[in-house]
Amino acid sequence: MFVFESSDLTTEAQPEEAFFKRAWTFFALTLAWTCAFWLGAALTGLGADTLPGLLLLSLGGMSPALAAVYLTLRESDRSRRRDFWLRIVDTRRIQPVWYLVILLTAPLISLLAIATRAVLTGEPYSFEHALSLSGQPQGLLLLVLAVFFFGPLPEEPGWRGFALERLQSRWSGVVSSLVLAAVWAIWHIPLFFIPGTYQQYLGFGTPGFWLFMASLFPETVLMTWIFNNTRRSTLSAVLYHFMLNFTGQFMDPAQGFAGYRLFWTAVMAVGVILISGKDLGKD
């Protein structure tokens, strides 16, 4: 729990009801913007392996941040605008122990998933993919940059930096997380129809599809818990989202331990709720 600075609080110029409702305006703008580009890519068959397809993917993926910036500049007072930008770049909001939580949680979950799969199925995990990437510094750097700029950075200023705090102005951390996760899941659906994306590789309606969609709910609970305990740091959400995506790519999702990873993510999410309460550390 932390005592927020005055700029961290909903201002008198923004009544609670209006502040809460802006989350729904944000969701509508984000989904509309995304569909305009991602459905275009899906209907034309332009995939991530083509320049036009990559451009459509990028423009659609920027929608959460663009919607958040637009609404912040248009509807917020000066202190709220300043607070929005500071929470993206201010490293001091995150205490050292929370940096460890942010950086180590996703790798720990993957290692637990790998170990569980090995014990239950007798199938050892192959580290060939991870070792191959480790031996290619340039390829690893490109992966880091791609993962960071195509996901965490353009998404989190919107999902956590804008929508989450508005949902939590009325609802508990758990309820806010479940609502946000549902919208986040819907937002991903067009990706399952765009050639060359990870989601298209999983396939729409397949077991992989349902595992992916279900995983967003406990992951969102963990991200809300981190967000609330780092003084509403959007940077913490960006870094944690990066670690989720990077760990998945680095550990090779093709080896079939997604179900075990979902299990351990859910276990950790339930543990966090039991320890921190339904508000997930919200002051």
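The values are calculated or read from the model by the stated rules, or taken from the named source; none is laboratory data. Only a predicted model underlies this, so the values are computations on that prediction, with no experimental measurement involved. Cβ coordinates were reconstructed from backbone atoms using ideal geometry, including for glycine residues, and neighbour counts include every protein chain displayed. The accessibility values were calculated without ligands, DNA or RNA, using every heavy atom of the protein model including side chains. Shrake-Rupley method; radii C 1.70, N 1.55, O 1.52, S 1.80 Å.
When only alpha carbons are used to place a centre, region 232-269 and region 124-157 end up 13 Å from one another.
Pairwise alpha-carbon distances in region 1-153 exceed 28 Å for 48% of all pairs.
The label point for residue 134 and the one for residue 54, both projected 7 Å from the Cα toward the Cβ, are 2.9 nm apart. Put simply, the chain fits an ellipsoid with semi-axes of 30, 24, 17 Å; these come from the alpha carbon gyration tensor as the roots of five times its eigenvalues, largest first. Surface composition of the chain: carbon and sulfur atoms hold 70% of the protein heavy-atom accessible area at a 1.4 Å probe. Near residue 46, no amide H atom lies under 5 Å from its own; only residues 5 or more places off or on other chains count, and H is placed 1.01 Å from N.
Remark: region 222-228, residue by residue, has Karplus-estimated 3J(HN,Hα) of 5, 5, 5, 4, 5, 4, 5 Hz, where x stands for each Gly or Pro and the curve is 6.51 cos²θ - 1.76 cosθ + 1.60 at θ = phi - 60°.
Summed over the residues of the chain and divided among them, the accessible surface reaches 47 Å² per residue at a probe radius of 1.4 Å.
Rounding to the nearest 20 debye, state how big the charge dipole of region 42-167 is about its Cα centre with +1 on each Lys and Arg Cβ and -1 on each Asp and Glu Cβ. Working shown, then result.
On the way: 11 positive and 10 negative charges, 124 e Å.
Using Cβ point charges on Lys, Arg, Asp and Glu, region 42-167 gives about 600 debye.
Given a cut-off of 22 Å, what percent of all Cα-Cα pairs of region 47-125 lie beyond it? Result for the distance tail: 62 percent.
Accessible area ranking (1.4 Å probe, heavy atoms, ligands and nucleic acids excluded), largest first, for 21, 282: 21, 282. Dividing the mean sequence gap of close Cα pairs (under 8 Å, 6+ apart) by how many residues the chain holds gives a relative contact order of 30 percent.
Based on Cα contacts under 8 Å between residues 6+ apart, region 26-129 shows a relative contact order of 19 percent. Largest first, the extents of the alpha carbon coordinates of region 158-260 on the three principal axes equal 38, 24, 23 Å. Per-residue packing, averaged as other Cβ atoms within 10 Å, sorts the ranges 50-57, 64-71, 129-136 into the order 64-71, 50-57, 129-136, beginning with the highest.
Ordering 252, 83 by accessible surface, largest first, gives 252, 83; the 1.4 Å probe counts only protein heavy atoms, with every chain in place.
Prolate is the label for region 116-201, because a/c, from the alpha-carbon gyration tensor with a ≥ b ≥ c as root eigenvalues, is 1.5 or above and a/b exceeds b/c.
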